[in-house]
Structures are given as structure tokens and as C-alpha cells.
Amino acid sequence: MLFLVVLLLKIIKLFKNMKKIIIGLAVIAVLFLGYGLSIYNSLISSNESINNGWAQVETQYQRRFDLIPNLVESVKGIMKQEQAIFLAIADARTRYSGAKSVDEKAVAATKLESEFSRLLLIMENYPTLKSSESVTTLMTQLEGTENRISVERKRFNDTIKEFNLTIKRFPSSIVASMFGFSERQYFESVVGSENAPKVQI
């Protein structure tokens, strides 16, 4: 009888210890789950910041694309023999409008920058343009837009850098791979296109 009592006491003690172990494991599991959710939410926020950053870049591109046709119309009459540059600018704008991905839009925007730089060089050969108030105003607005584009591109790439670092670091890399987060691409354009075209009126 004494043996059974001792055995029963040991079983109760063992059960109490198991209960503590189970509670301890449950607490650890809850902490890991909470940490994982925190990382997941952070990745979602970063991903949305990247999307917002690109939207800001596109907003500045749109501003540029809205200003350029006005400038082209202002100088078209004076520069009748330079029709090829006007067609190239119109083509670049059309390609941007039809682009589907960030990379396609970056290529189209770079092409427009190249054609726009050519227009600026050609315009230097026309002294009458330099005295035109509408051309001067439009050029000033375009210069400001180019600076804004440069700033927004940098912000976009900075946000991508933080996101890419987060999904590569341990332990957030585990959560990122579980939920399908992958590395985002930086905005990259041709060398020198990050600089605003020189405006000389």
C-alpha cells in the first residue's frame, strides 16, 4: 500500500512538471508566433512603401510628360526643320504610357531623357527661343521636375535597399521565404541619366 502511495505521489509530481513544461513550450510558441507576425507586418509595410515610392517617381514622370509637349509646341514653329526630334519625343512618351513593368517604364523614361537632352542641345542654336517667355518658364518648370525625379528615384532605391536587407537577414529571411517575399529590383538607368539635363536659356 505504501508503495502505491509513493508511486501516486511521483506520478502527481511528474504531471506537475509536465504541466510546467507544456506551459513553457506554449509561451515560447506564442512568442515565436508574435515575432513572426511582427516581421510579416514589417515586410508588408516595406513592400507598400516601395510601391508608394514608385508611384511618387511616376507622378514626377507624369509631370515631366505633361510639360514636354507644351515646350515642344512652343518651339515647333521656330524649329520646323527639327521634326525628327519631336517625333522621337512623342514616341518615347507613347512607349512609357504602354509600359507594364517598372523596368519597362525605366527604359522608356531613360529614352525620353535622352531625346529631351538632344532637344535642349538643338535649342541652344536658336537665339530667338532664349528670349521667349513661355519657353523660359517651361524650361524652369522642367528643370525643377528633373530635380524632383532624381530625389524620388533615390527615395525609391533607399526603400528597396531596406526591404532587400530585411528579407536577407536572419531570422526575417525565414518569414520572408515562408510568405513568398522576394528581392525587389532597384531603379537603374543609363549612366548619367540621374542628372537633370542642363537648361541654358
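The values are calculated or read from the model by the stated rules, or taken from the named source; none is laboratory data. Bear in mind the structure is a predicted one, so any value in this text is a computation, not a measurement. For neighbour counting, all protein chains shown are included, and Cβ atoms are generated from backbone atoms with ideal geometry for every residue, glycine included.
The conditions of being of a type in the set (S, T, N, Q), assigned to a helix (DSSP H, G or I) and touching a Leu at 6+ places or on another chain (Cβ under 9 Å) are not met by Asn41. Taking each residue of the range 158-179 that is touching a residue at least 60 places away in the same chain (Cβ under 8 Å) and looking for partners that are exposed (fewer than 11 other Cβ atoms within 10 Å of the Cβ) and not polar (S, T, N, Q) with beta-carbon atoms closer than 8 Å, six or more apart or interchain, yields nothing. Is it the case that the range 155-162 has a residue that's within 18 Å of Arg64 (Cβ to Cβ), assigned to a helix (DSSP H, G or I) and either at pLDDT below 85 or in contact with a helix residue (DSSP H, G or I) (Cβ under 8 Å, 6 or more places away or on another chain) (or both)? Yes, the range 155-162 has at least one match. Mind listing just one residue for me: the one in the range 163-185 that is in contact with a helix residue (DSSP H, G or I) (Cβ under 7 Å, 6 or more places away or on another chain) and surrounded by fewer than 15 Cβ atoms within 10 Å (Cβ to Cβ) and, of those, nearest to Met123 (Cα to Cα)? Ranking the candidates gives Gln185 first.
Take Glu146 and decide whether it is more than 19 Å from Ser46 (Cα to Cα), part of a helix (DSSP H, G or I), in contact with a helix residue (DSSP H, G or I) (Cβ under 8 Å, 6 or more places away or on another chain) and modelled with pLDDT of 80 or more. Answer is yes for this residue.
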